[in-house]
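Here the structure is laid out as structure tokens; the discussion comes afterwards.
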Amino acid sequence: MDARRNPEPFTAHLHFIPRALGRLQAAIVSLLRPTLERSPNWVLLITRGRRTGLPREVLLPCIRSDTTVIVISTYGWRSDWLRNIRKTPDVQVTWGGRQLAGRAEAVEDLARKRQLVTDHPFFPPAPSALVNRVLRPVLVPFLRRWVMPRPVVVIHCLST
């Protein structure tokens, strides 16, 4: 990856915050699991740890269709879940109360990332259908710029 053409997002330098809050997030996910598993704008993603091979679960805002989940890495390549996907792209996703096997693809091509967010705009910090519908005219131009330094991950579900 050419750092001059595709610099890290500023938020990559703040990655220590979610790492420090990992146990708190795990507790919240555990407590709210039944609700989160059915939420339309969130996905529970299970990857394999790149060093340990152990399952790692993370809650991510997303946009999804019947067979595809799209997520954007706020922290760029510093996100542990993304680095795990780079090593092992086979994942599990939980949504709508179902757990599905999938294969993750990290998209780095700028034209394809822009097309994905144009076709499927969502605002990761506020994953709400209402917010996304109301803000759509503003979201698309913002997202086309916002994804420049960030990987967009497309997860293709293997079974439904």
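The values are calculated or read from the model by the stated rules, or taken from the named source; none is laboratory data. Treat the numbers as computed from the prediction; the structure is a model and nothing was measured. Cβ placement follows ideal geometry from the backbone for every residue including glycine, while neighbour counts extend to all protein chains displayed.
Before moving on, here are some points about what is shown:
- Only residues that are of a type in the set (Val, Ile, Thr) and in contact with a helix residue (DSSP H, G or I) (Cβ under 9 Å, 6 or more places away or on another chain) were counted across region 47-70, and they come to 4.
- From the options Leu158, Leu59, Leu116, residue that is over 14 Å from the mean Cα position of the chain (by Cα) and either surrounded by 15 or more Cβ atoms within 10 Å (Cβ to Cβ) or at pLDDT below 90 (or both): Leu158
- Count of residues meeting criterion [crowded, with 21+ Cβ neighbours inside 10 Å and either closer than 11 Å to Gly49 by Cα or out of contact with any Pro (no Cβ under 6 Å at 6 or more places or on another chain) (or both)] in region 83-104: 6
- Tally of residues being closer than 13 Å to Pro121 by Cβ and β-branched (Val, Ile, Thr) across region 50-73: 3
- Taking (1) in a strand (DSSP E or B); (2) modelled with pLDDT under 95; (3) surrounded by 18 or more Cβ atoms within 10 Å (Cβ to Cβ) in turn, Leu143 satisfies each apart from (1).
- Residue pairs meeting the criteria (Cβ under 7 Å; at least 6 apart or on separate chains; first at negative phi and crowded, with 17+ Cβ neighbours inside 10 Å, in region 31-43; second among the charged types (D, E, K, R) and in a strand (DSSP E or B)): Val43/Arg64
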